[in-house]
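J.: Before I ask anything, let me first share the structure, which is written out below as structure tokens.
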Amino acid sequence: MENLDLKQMSAMVDIIAEEKGLDRDIVLGVIEQAIAAAWRKDNGDREMNVRATLNTNTGEATVYIAREVIEDGLAYNPATEIPQSEAGKDAKLGDIVEETHTVTDFGRVAAMTAKQVVIQRLREAEMSAVLSEYEDKIGTVVTGMVSRVEPRLVRIDLGRGNGIMPRSEQIDGEYYTVGSRIKVYIKKVERGDRGAQLVLSRGCPEFVEYLFRQEVPEIASGTVAIKGIAREAGRRTKIAVASTVSGVDPVGTFVGGRGIRVQAVMNEIGDREKIDIITWSDNASEYIREALSPAEINKVEILPESTDAKGKPEKHAKVYVSEDQQSIAIGKQGQNVRLASKLTGYNIDIELVKAPAKKKKKNVEDSLLNALDDLDEAEEA
């Protein structure tokens with residue numbers, strides 16, 4: 001690239017816009033930024049406030065250097081300031097005056113600078129356009145293709161854009177291969193020092209909720225509703241459901257005939273993850289009892305609210321179970337009680353029911369002797 005041919009760049013504006021799927025004015029703005037950077041490289045100073053406009057009909061560019069008018073006789077920075085006497089008779093202190101230059105091409109070094117600016121700014125503009133498009137789809141599930149698998153994340157090609165699925169958003173035990181097509185939940189757009197990126201998930205509770213919404217049309221009609229979900233992806237999910245119509249079984253509605261609906265969800269998230277569908281209740285004791293299923297609960301005791309170290313209110317409950325139900329209520333590695341706590345919002349403590357003290361059986365011989373003693377006492381009397 002010996003020089004920067006502005007006529008050629010002018011002709012490329014529409015082609016680049018169509019190829020990148022960007023607005024023509026955005027592409028033109030990127031090229032004008034590149035022209036300003038190239039002019040600054042060839043003729044000016046880094047501190048200069050330079051802007052440029054490109055005439056796409058003639059291929060000529062006009063460069064404007066802005067300077068602030070300051071008082072005569074003061075020390076000034078020629079890159080950003082100009083004395084009033086040099087600014088023109090109509091210039092006032094504090095005004096911004098612009099010096100113009102017409103250019104048609106640039107040298108090799110400036111051309112390289114312009115090329116880098118165009119590539120970088122077009123990439124940023126393209127990413128911004130893609131993110132704007134997908135921002136409207138946050139909270140939905142889309143199908144993408146695994147493009148790269150890294151130790152800490154998986155990169156997903158969504159067609160118009162790309163997203164990342166961090167390890168924390170993956171299903172535990174699920175393996176991803178390059179080229180495979182998977183469903184992902186669009187969780188958020190994350191903006192940082194390195195720009196913005198689309199964060200995808202298969203491990204969040206919302207992913208399971210979305211899948212159920214696709215399988216259970218009664219949710220859309222308002223007959224049944226999802227009241228809460230607690231999930232440990234790849235292991236277990238608890239989902240609380242309720243009915244708004246008398247006589248409709250909410251759990252049966254979500255399970256479906258012969259379990260077809262819940263099985264469709266499990267086919268997507270994997271059979272390793274178990275799904276407990278329970279009936280929601282506005283009665284805290286009943287809700288906690290349901291949430292701890294399949295354990296059989298003897299008694300639920302709701303304790304007074306307290307606050308944590310940060311002053312945030314906390315709810316507590318004691319649940320009493322018999323010895324043979326204790327391990328079921330707690331679950332493997334505490335999973336059942338942990339998910340029940342997440343689902344209900346209560347810190348749950350599992351307590352054993354104290355077995356009633358057994359009455360001591362009287363010795364038959366002692367009873368007989370006592371009876372004879374009583375008889376003797378009666379005769380003497």
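Quick note: the coordinates plus some simple rules give every number you see, no bench work behind them. Source: prediction; values computed, not measured. When we count neighbours, we look across all protein chains shown, and the Cβ atoms used for this are built from the backbone with ideal geometry, even at glycine.
J.: For a protection proxy built on the mean count of beta-carbon atoms within 10 angstrom, sort 46-54, 303-311, 170-178 highest first, please. Could you put the intermediate results ahead of the total?
T.: Values: 46-54: 16.7, 303-311: 8.1, 170-178: 13.7.
In descending order of packing, they fall as 46-54, 170-178, 303-311.
J.: May I pose another question? Taking K and R as +1 and D and E as -1, what net charge do the other residues with C-beta under 15 Å from the C-beta of residue 201 add up to?
T.: Details: positive: 137, 152, 155, 167, 183, 187, 188, 202, 231; negative: 169, 172, 174, 190, 206, 209, 232, 268, 273.
Once positives and negatives cancel, what remains is 0.
J.: Quote the FRET efficiency, to the nearest 0.05, computed for residue 191 versus residue 168 with a Förster distance R0 of 22 Å and r equal to the Cβ-Cβ distance. Can you show the working numbers first?
T.: Working: r = 18 Å, r/R0 = 0.83.
Calculated value: 0.75.
J.: Using the Cα centre of the chain as origin and beta-carbon charges of +1 (Lys, Arg) and -1 (Asp, Glu), tell me which of 225, 88, 266 is placed farthest towards the positive end of the dipole.
T.: Of the listed residues, the answer is 266.
J.: To test your reading of the geometry: what angle, between 0 and 90 degrees and rounded to tens, separates the Cα axis of helix 364-380 from the longest principal axis of the chain?
T.: Around 50 degrees separate the two axes.
J.: Taking a point 7 angstrom from the Cα of residue 142 along the C-beta vector, which residues in region 167-192 have backbone N less than 19 Å away?
T.: 169-170, 179-192
J.: Could you compute the FRET efficiency for residue 160 and residue 285, with r as their C-beta to C-beta distance and R0 at 51 Å, rounded to 0.05?
T.: Working: r = 50 Å, r/R0 = 0.98.
According to the calculation, E is roughly 0.55.
J.: Sticking with this one: Apply the a/c threshold of 1.5 to the C-alpha gyration tensor of the chain and tell me whether it is rounded, prolate or oblate. Provide the component values of the computation, followed by the final result.
T.: Working: a/c = 4.30, a/b = 2.79, b/c = 1.54.
Because a/c hits 1.5 or more and a/b exceeds b/c, the chain counts as prolate.
J.: Calculated FRET efficiency, residue 244 and residue 206, Cβ-Cβ r, R0 22 Å, to nearest 0.05?
T.: Numbers: r = 22 Å, r/R0 = 0.98.
With a Förster radius of 22 Å, E is 0.50.
J.: Here's a follow-up. Using label points projected 7 Å from each Cα along Cα→Cβ, tell me how many nm separate residue 299 and residue 45, to one decimal.
T.: It works out to 8.5 nm between the two label points.
J.: Return one number: the angle in degrees, 0 to 90 and rounded to the nearest 10, between the long axis of the Cα atoms of helix 335-344 and the longest principal axis of the Cα atoms of the chain.
T.: 70 degrees
J.: So how far, in whole Å, is the C-alpha centre of region 272-317 from the one of region 145-170?
T.: Value for the Cα centre distance between the two parts: 36 Å.
J.: Could you sort the peptides 77-89, 156-168 by per-residue average Cβ neighbour count (10 Å cutoff), highest mean leading? Display every interim value, and only then the final one.
T.: Numbers: 77-89: 14.5, 156-168: 17.2.
Averaged packing, sorted descending, gives the order 156-168, 77-89.
J.: Follow-up. Hey, rough spin-label estimate for residue 80 and residue 104, points 7 angstrom out along Cα→Cβ, what's it come to in nanometres?
T.: For residue 80 paired with residue 104, the spin-label model returns 3.5 nm.
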